[in-house]
Amino acid sequence: LYYSGGAAQGVAYSDVGVNSLQQYYLSHNPHFSLIQKENPDGSRYPELVVKTPLDREEQSCHHLVLTAVDGGDPARSCTTQIEVVVADANDNAPVFTQDMYKVSVPENLPVGSSVLRVTATDLDEGVNAEITYTFINIGKAVRQLFKLDSTTGELTTGGVLDFEERQSYTIGVEAKDGGRHTAHCKVQIDILDENDNAPEITLDSESKHILEDVKLGTVVALIKTYDLDSGLNGEVFCQLKGHYLYSSSA
Ligand SMILES: [Ca+2]
Ligand SMILES: [Ca+2]
Ligand SMILES: [Ca+2]
Ligand SMILES: [Ca+2]
């Protein structure tokens, strides 16, 4: 609370009777009012009271004008400027910009690659709006694959993602302000397949020897192909002396 332009209470007046101080008036403000109090000696003083709830997020500073008027004719008055600065209370929880963040990243990213960034805002100020991000309810294995910067909300890879091992992760993130308020969101990370597996070929044959008079069309060997990747990355084309045979790993 700041005063300027004069004393706010206990103003000493040298006049007596009706010519001495009679009334205090406050400029109109929906949040504040004056209560006139009286000292044992009969002198009056005002008390500034809050009459409706203050909200720093709506208005952080109120400028009031206090006027003191005597009972003389003509009346004489003086005014005092009062500046009320509303200190912040931690009355807002953080809010994430999205309830669910989704991102697709290729497998085999270098460790430390950026995946995405979660952001929460808090209407309060100072420590009441300082947000810390943490993972919630995730297992140790997933915790080693992803790292979360507690200050910036940036999610990076902490290990090598393998599409063949797992195609999607859903991770909970909590934002906590400097007090006790929290917010939660989910991050869904879909892993995209890369062609990081070579096909495997196996040959099954009945016998190592083929008779020279074998009937044409006799099966000589069964060729099996296998590729761990998906889609086109997992389709295998077999080539035999310039002839193409097609087979799918499925
Ligand atoms: Ca807060
Ligand atoms: Ca606040
Ligand atoms: Ca792959
Ligand atoms: Ca492949």
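The values are calculated or read from the model by the stated rules, or taken from the named source; none is laboratory data. Note that this is a predicted model, so its numbers are computed, not measured. So basically every Cβ, Gly included, is an ideal-geometry build from the backbone, and we count neighbours across all protein chains shown. Note: accessible area is taken over every heavy atom of the protein model, side chains too, but ligands, DNA and RNA are not part of it. Shrake-Rupley method; radii C 1.70, N 1.55, O 1.52, S 1.80 Å.
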Exercise for the section: Please find, among Thr79, Thr132, the residue that is surrounded by 13 or more Cβ atoms within 10 Å (Cβ to Cβ), more than 16 Å from ligand 2 (Cβ to nearest atom) and under 21 Å from the mean Cα position of the chain (by Cα). Expected result: Thr132
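If we keep just the residues of segment 130-155 that are charged (D, E, K, R) and part of a loop (DSSP other than H, G, I, E, B), which is farthest from ligand 1 (Cβ to nearest atom)?
Only one residue tops the list, namely Asp149.
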Handout entry: Some residue of segment 86-93 being modelled with pLDDT of 95 or more, within 30 Å of Gly158 (Cα to Cα) and either in contact with a strand residue (DSSP E or B) (Cβ under 7 Å, 6 or more places away or on another chain) or within 16 Å of ligand 4 (Cβ to nearest atom) (or both)
Key = yes
Practice task
Count, please, the residues in segment 179-208 that happen to be away from ligand 3 (no atom under 16 Å from the Cβ) and within 30 Å of Val220 (Cα to Cα).
Solution key: 8
Exercise for the section: Pick out the one residue from Val127, Val111, Val160 that is touching a strand residue (DSSP E or B) at 6+ places or on another chain (Cβ under 6 Å), open to solvent by 50 Å² or more (accessible area, probe 1.4 Å) and not in a strand (DSSP E or B). Expected result: Val111
Practice task
Would you check which residues across segment 197-219 are open to solvent by less than 100 Å² (accessible area, probe 1.4 Å) and within 30 Å of Gly234 (Cα to Cα) and list them?
Solution key: Asn197, Ala198, Pro199, Thr202, Asp204, Ser205, Ser207, Gly217, Thr218
Fill in the blank from the handout: Going through segment 220-241 in order, the residues found to be open to solvent by 60 Å² or more (accessible area, probe 1.4 Å) and not polar (S, T, N, Q) are Val220, Leu222, Ile223, Lys224, Tyr226, Leu228, Leu232, Glu235, Phe237, Leu240, Lys241
Exercise for the section: Could you check His181 against (1) more than 16 Å from ligand 1 (Cβ to nearest atom); (2) in the same structural domain as Val142 (by TED's automatic domain parsing) and say which number it fails? Expected result: (1)
Practice task
Could you please find all residues in segment 28-65 being among the charged types (D, E, K, R), assigned to a strand (DSSP E or B) and modelled with pLDDT of 90 or more?
Solution key: Glu47
Practice task
Only strands (runs of 3 or more DSSP E) wholly contained in segment 178-250 count here; list those with 1 or more residues that are more than 30 Å from Ser114 (Cα to Cα) and either at pLDDT 85 or above or among the basic types (Lys, Arg) (or both).
Solution key: 200-204, 222-226, 235-240
